[in-house]
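The values are calculated or read from the model by the stated rules, or taken from the named source; none is laboratory data. Since the structure is predicted, the reported quantities are computational estimates derived from the model, not experimental observations. Methodologically, a virtual Cβ is constructed for each residue, glycine included, from the backbone with ideal geometry; neighbour enumeration extends over all protein chains shown. Only protein heavy atoms, including side chains, enter the accessible area calculation; ligands, DNA and RNA are left aside. Shrake-Rupley method; radii C 1.70, N 1.55, O 1.52, S 1.80 Å.
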Amino acid sequence: MGCEVWRKMAKTAKKENVKTDKRSKALKELTVAECDVQDTAKDGTNQVTEELKAEPSKAVEERMDEPVKPAKAAPQKRSTAAKEPVPAETPVAEATVPEPAEAPIAEATVPEPAEAPVAEATVPEPVEASAPEQAGASPRRSVAFIGSECYPFVKTGGLGDVMYALPKALVKQNCDVKVILPRYKCIPWEYQQKMIYRGSFEMDLCADGRSYYVGIMEYVWDGVVYDFIDNEEFFSWGNPYTNLIDDIPKYCYFAKAALAALNYMDWIPNIIHCHDWQAALIPVYLRTLFTETKLTSAKTILTIHNLRFQGIYDIPTIRYWSGLPDYIFNKDALKTGYNDANMLKGGLAYANVITTVSQTYAGEIQSAYYGETLDAHLRYHSGKLCGIVNGIDYDIWNPDTDPLLHASYSMTNVLEKKKENKRKLQEELGLVQDDGKFVIGLISRLTNQKGLDLVNAILPQVVDEYTQVVVLGSGDQVYEDSFRYYENAYKGRVCANIMYDEARSHRIYAGADALLVPSQFEPCGLTQLIAMHYGTIPIVRETGGLKDTVEPYDMRLNSGNGFTFDRYDAGLLLDAINRAKAFYFDQRQYWNEMVLRDMEKDLSWENSAKQYKDLYLSLT
């Protein structure tokens, strides 16, 4: 499946282009410059930044494929219900996950639509956005992204950031991208009012032939087409995720409706890229109920963002709501335990390629400790498993242009401006104002996965007269109460912000000296990437994407960009924090060099998008 080529490419992409002479020169200028000189240094900023940029990665080998362009959507009309599929009887062997050999299945084909009401027909049809052809660009590919959340419409975690930033980056890699999402009621009205009706139809869903309305609302932004699946019965809740009893029917419907919508609009992508368990049934549907449609030519990729969440419920419930044939509910596909079905497991079996959001996590989940009971299944499918680390969106996370900071900065003035941001942050949060303090930031969901039990155990030993700790996040009650207690016990040294505040998170990244990410497991992690781009040194546990992106400091070579510890142990975390503190106070010159190294590192989505584009080309 091209994953071996992937691993080699990812290794070369990981190498850093250290430019010692230029960094030393920049550092020397920074440490002697006075504030009155900084105002005249603006013209030199772009020049220094250009010199420190990494060499562009080699262009993907050009192919002679004809470019694939998306077809125009069908008129907005209402179709009649499709017939219930006839399931095949041949069991699926895990070794090959064979295509069913049954007769064409009527359900996959969206029937000829009937005439729509006049009021709906008068809504103007939006112009399809497509990636422009570029001279010397790699062959164009069309990609459908299907997932349960996407910034800025709805976001609960890192998946929302990926669903927004990666499609936008792929447009620049000569891809036509369509993102398919549920139309949740909680999507802000400023976006809902700009959506355009594209059509609707009835779709058979359940095992007893029960059908449901499928509406398609479209929104185009930054060259990406967003199609929202509309159904009040499933998506009228205030939050995207409620409980499994409601979520299982909701995402069975969404997975099938997303494919039916592509069929209805006659937009046949080269790649269907699915994300997490909420979209995991799409590869299963495509190779069972949609085998006689044009969509069967598309290849599927399933990305695991967090293996802990899998969509597990009893077989009768998932069989009824999915309408899938009986033969897929076996141990090699959906079945797990005695009488349960696992939606993510089925998607992993049927997808052409499985990806995770870091190389290390791709290896970790094949072990019993990280595998969440799917380690054997993932080892079996390891030939189509690979990891591509996430990036960050420089349009949102850029200290030089960030409007949410007290003082913006770049590599040319970071050392002085971070002090200013620190003082303003201390003032904002009620901490003792002293830019000589060592400020540690913690921006996280407050759960065990994020290593909060370790932090809770050692915090009294961390906080001293030279150290301040700033916490931002919400989660388990025990940790919320614990940090409130520490704030009260160590006034002026600890600040607990039990909430999530996007603007305040920007200011913590800019004002802190170090950021703590002691996760028990971390598929990729974005906070350490943002911290490095803002010149804040990460202190992390060596797991998943944290291990892939943070190189531990080596005092012999004066290399590395953070401080790390390996085993999940409170004592080792305390040791890593103390090493960082000693380095900050005793070796400030080398600390400042590390700050510059971190800011120089290319952490944008461009490199990741190139790797995904190469994967798409290898499949098609």
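In segment 172-186, of all residues being closer than 21 Å to M217 by Cβ and open to solvent by 10 Å² or more (accessible area, probe 1.4 Å), the one that is farthest from the chain's Cα centre (by Cα) corresponds to K185.
Can you list the strands (runs of 3 or more DSSP E) lying wholly within segment 130-247 that have 3 or more residues being in contact (Cβ under 8 Å) with a residue 60 or more places away in the chain, under 23 Å from Y394 (Cβ atoms) and touching a His at 6+ places or on another chain (Cβ under 7 Å)?
Values: elements: 141-146, 175-182, 196-204, 211-221, 224-230.
Because the criterion is at least 3 residues that are in contact (Cβ under 8 Å) with a residue 60 or more places away in the chain, under 23 Å from Y394 (Cβ atoms) and touching a His at 6+ places or on another chain (Cβ under 7 Å), no strands (runs of 3 or more DSSP E) in segment 130-247 meet it.
Does G158 meet the test of being surrounded by fewer than 16 Cβ atoms within 10 Å (Cβ to Cβ), small (G, A, S) and out of contact with any strand residue (DSSP E or B) (no Cβ under 7 Å at 6 or more places or on another chain)? Break it down stepwise before answering.
Details: surrounded by fewer than 16 Cβ atoms within 10 Å (Cβ to Cβ): no; small (G, A, S): yes; out of contact with any strand residue (DSSP E or B) (no Cβ under 7 Å at 6 or more places or on another chain): yes.
Criteria not met by G158.
Looking at segment 447-456, which of its residues are assigned to a helix (DSSP H, G or I) and open to solvent by 20 Å² or more (accessible area, probe 1.4 Å)? Show your work before the answer.
Initially, segment 447-456 is screened for residues assigned to a helix (DSSP H, G or I), giving 448-450, 452-456.
The answer is N448, K450, D453, N456.
The residues of segment 457-476 that are open to solvent by 40 Å² or more (accessible area, probe 1.4 Å) and out of contact with any strand residue (DSSP E or B) (no Cβ under 8 Å at 6 or more places or on another chain), listed by number, are A457, P460, Q461, D464, E465.
Considering segment 344-400, and only residues there that are among the aromatic types (F, W, Y) and open to solvent by 10 Å² or more (accessible area, probe 1.4 Å), the residue that is nearest to E606 (Cα to Cα) turns out to be Y394.
Restricting T288, T293 to those that are among the hydroxyl-bearing types (S, T, Y) and either open to solvent by less than 10 Å² (accessible area, probe 1.4 Å) or within 26 Å of E190 (Cα to Cα) (or both) reduces the list to T288.
Search segment 536-558 for residues being assigned to a loop (DSSP other than H, G, I, E, B), open to solvent by less than 10 Å² (accessible area, probe 1.4 Å) and out of contact with any Leu (no Cβ under 8 Å at 6 or more places or on another chain), and hand back the single one that is farthest from S408 (Cα to Cα). So, considering only residues that are assigned to a loop (DSSP other than H, G, I, E, B), open to solvent by less than 10 Å² (accessible area, probe 1.4 Å) and out of contact with any Leu (no Cβ under 8 Å at 6 or more places or on another chain), the one farthest from S408 (Cα to Cα) is T543. Note on segment 405-439: among residues that are small (G, A, S) and open to solvent by less than 30 Å² (accessible area, probe 1.4 Å), the one that is nearest to I537 (Cα to Cα) is S410.
Residues of segment 322-356 that are assigned to a helix (DSSP H, G or I) and over 28 Å from the mean Cα position of the chain (by Cα): D326, Y327, I328.
From the set of residues in segment 192-202 that are closer than 21 Å to E233 by Cβ and not polar (S, T, N, Q), which is surrounded by the fewest Cβ atoms within 10 Å (Cβ to Cβ)? Spell out how you get there, then give the answer.
So in segment 192-202, the residues closer than 21 Å to E233 by Cβ come out as 192, 195, 197-202.
Then keep just the ones that are not polar (S, T, N, Q); that gives 195, 197-199, 201-202.
Values: M195: 19, Y197: 20, R198: 23, G199: 23, F201: 26, E202: 17.
Per the stated criteria, the residue is E202.
Just one of the numbered conditions (1) modelled with pLDDT under 95; (2) surrounded by fewer than 18 Cβ atoms within 10 Å (Cβ to Cβ) is not true of S444: (2). Taking the criterion of being assigned to a helix (DSSP H, G or I) and more than 22 Å from A207 (Cβ to Cβ), the residues of segment 248-267 that qualify are L262, Y264, M265. Would you check if there is a residue in segment 595-608 being open to solvent by 10 Å² or more (accessible area, probe 1.4 Å) and over 28 Å from the mean Cα position of the chain (by Cα)? Scanning segment 595-608 turns up no residue that is open to solvent by 10 Å² or more (accessible area, probe 1.4 Å) and over 28 Å from the mean Cα position of the chain (by Cα).
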